[in-house]
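The structure appears below as C-alpha cells.
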Amino acid sequence: MAVVAFAALAAVWVVAAWLLSRTSVPSLHLSGVDEHSLFSQAILHRTARYWRGVDVVWLAGTVASLAALVVLVWRLPPSIRGMGLGRISSSIVAGIVILVTLWFVALPFGLASLWWDHHFGLGPFDVWAWLNAQWAMLGAEVAAVMLAIVLQVGVAGRWPRGWWLAAAPTIVAIAAAFAFVEGWIASSGTQQLADPQLRADVVRLERVEGVRGTPVRVQDVSDWTDQVNAFTSGFGPSTRVVIWNTLLDGRFSRGEIDVVIAHELGHVRSRHIVKAIGWSALVVLPTLWIVAVATRRRGGMADPANLPLAILVLAIVGLLTLPLQNAVSRRYEAEADWRALNATRDPAAAKRLFEGFAQTSLEQPNPPLLDYLWLENHPTLMQRIVMAQRWQQRHAAN
C-alpha cells in the first residue's frame, strides 16, 4: 500500500513539474552561431577574466558558509541546551546566532565582489551605499526565516516524526506571503518614469501583453553600481516592475529600454512569480523529509539544538539542486524574452541590447559549463541573440 501511495505521489509530482515547466516559447534551435562573429576578442577576453574572479569569490564564499555551518553544528548545540530556555525561545536564539554568523561570514565576500566590480569599471567602491541597498529586503527575509524556524520547531514538538508533513504547507504559505509583500518592499523608495515617451511605451506594451495597470518604477542604484538590471516582484495587487536608473543613463536606446520593460511585463503575463511558488510547493516536502532524516538520530527538529544541522543540510541540498533551479529560471527568462519580442516586434533592438550586456555588465556570451549550470539563471547572451534572429526569420517567412 505504501509503495502504491508513493508511486501515486511521484506521478502527481512529475505531472505538476511538467505543467509548471511549460512555456509559450516554440521549439527553437539556439546553437550554431559563433560568438566570435558578434564579439571582439578583446571583449571575450575581458568577460572571461572578470568571470574568473566571480567564480573564485562565489566558490570561496560558498565554502566559507558551509564551513561556518559545520563549526556551528559542532559548537552551538551544547550552548543551546545549556541556556535553560523553552523550545521556542531556544529556537529563536539559535536562529539569530546562525543568521548573524552567516551574514558576517558572507560579508567579506560581498565586499570582495563589490571591489572586483569596481576594478572592472562596473561601479564605485562605496561600501556604505552597497550596505544600504541590502537593508530593504534583509529585514523581511530574516523575519520570514525566523518565522519558518519557529513554526518548524513548534510543529516538530507536537509531531516529532511526521512534522515535515505538517510543516510543508506552512512553509509554502510563508513563501507565498513573502513573495506577495515583496512587491511593495522591493519598490519602496523608487520613482515613476520621468520620460513621457517611455510612459506611453509602457501603456502600449501593457496593452499588448494584457497586463494593464502594472506599475513600472525606477530605482536609483548609481551610488553602488553602473550595471543595468530590472526585475518583477509581487503578484496580484502587489505586482511591480522595477528598472534600475542605470538603464536610462543614455547607454541604451528607447527601443532597447522597451525590450527590457516588455521582458519584465512578460514575466507578469506568464505569472512566473506564482509559478515559482508552485515550484517551492513541489520541492519543500522532499527537502523537509531529508532534514527530518538527517536530524532524527539527534532527537529531531523538536530539539532546537539541531537547527545548525538542519540549516547545513538545507544549504547542501540547495547547492546540489542549484543547476535545476537555474534551469527552471532560464526557461522562464526565455519565455519573457519571447514575449518581449512579440510585444515590441523589434528583434534588432533586442539583439543590440544583449550585445550591449557584454560591455555594460561583462556577461559572458557563451559561459563555461560549470558557470552555466551553477551561476547562470538567464539564457546565455548568444542564446538570447539567436532567439531574436529566429523570431525575425519566423516572422519574415510569414
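Condition first: of a type in the set (Asp, Glu) and either farther than 21 Å from Val328 by Cβ or not in a helix (DSSP H, G or I) (or both). Now tell me which residues in the range 339-398 satisfy that. Matches in the range 339-398: Asp346, Glu355, Glu363, Glu376.
Please work out which residue is surrounded by the fewest Cβ atoms within 10 Å (Cβ to Cβ), limiting yourself to the range 201-217 and to residues that are under 18 Å from Gly234 (Cα atoms) and touching a Lys or Arg at 6+ places or on another chain (Cβ under 9 Å). Full working, then the answer.
Filtering the range 201-217 for residues under 18 Å from Gly234 (Cα atoms) gives 206, 209-217.
Then keep just the ones that are touching a Lys or Arg at 6+ places or on another chain (Cβ under 9 Å); that gives 206, 209-211, 214-217.
On the way: Glu206: 21, Glu209: 22, Gly210: 10, Val211: 19, Thr214: 19, Pro215: 16, Val216: 24, Arg217: 16.
Among those that are under 18 Å from Gly234 (Cα atoms) and touching a Lys or Arg at 6+ places or on another chain (Cβ under 9 Å), it is Gly210.
Restricting attention to the range 344-378, the residues that are among the hydrophobic types (A, V, I, L, M, F, W, C), open to solvent by 10 Å² or more (accessible area, probe 1.4 Å) and over 20 Å from Gln41 (Cβ atoms) add up to 6.
Here Gln383 clears all of (1) touching a helix residue (DSSP H, G or I) at 6+ places or on another chain (Cβ under 7 Å); (2) touching a residue at least 40 places away in the same chain (Cβ under 8 Å); (3) not small (Gly, Ala, Ser) except the condition numbered (1).
In the range 169-187, of all residues being open to solvent by less than 40 Å² (accessible area, probe 1.4 Å) and of a type outside the set (A, V, I, L, M, F, W, C), the one that is nearest to Gln152 (Cα to Cα) corresponds to Gly183.
Matching residues to (1) in a helix (DSSP H, G or I); (2) within 29 Å of Phe235 (Cβ to Cβ); (3) open to solvent by 40 Å² or more (accessible area, probe 1.4 Å):
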position: His118; (1), (2), (3): yes, no, yes
position: Gly157; (1), (2), (3): yes, no, no
position: Arg161; (1), (2), (3): no, no, yes
position: Leu165; (1), (2), (3): yes, yes, yes
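Residues in the range 9-31 that are open to solvent by 50 Å² or more (accessible area, probe 1.4 Å), at pLDDT 85 or above and assigned to a helix (DSSP H, G or I): Ala11, Val12, Trp13, Val14, Val15, Trp18, Leu19. Got at least one residue in the range 93-111 being part of a helix (DSSP H, G or I), of a type in the set (Phe, Trp, Tyr) and open to solvent by less than 50 Å² (accessible area, probe 1.4 Å)? No, every residue in the range 93-111 fails to be part of a helix (DSSP H, G or I), of a type in the set (Phe, Trp, Tyr) and open to solvent by less than 50 Å² (accessible area, probe 1.4 Å).
The values are calculated or read from the model by the stated rules, or taken from the named source; none is laboratory data. Fair warning: this is a prediction, and the values are worked out from it, not measured in the lab. Note that each Cβ is placed from the backbone with ideal geometry, even for glycine, and that neighbours are counted across all protein chains shown. For the accessible areas, the whole protein counts, side chains as well, though only heavy atoms, and no ligand, DNA or RNA atoms are used. Shrake-Rupley method; radii C 1.70, N 1.55, O 1.52, S 1.80 Å.
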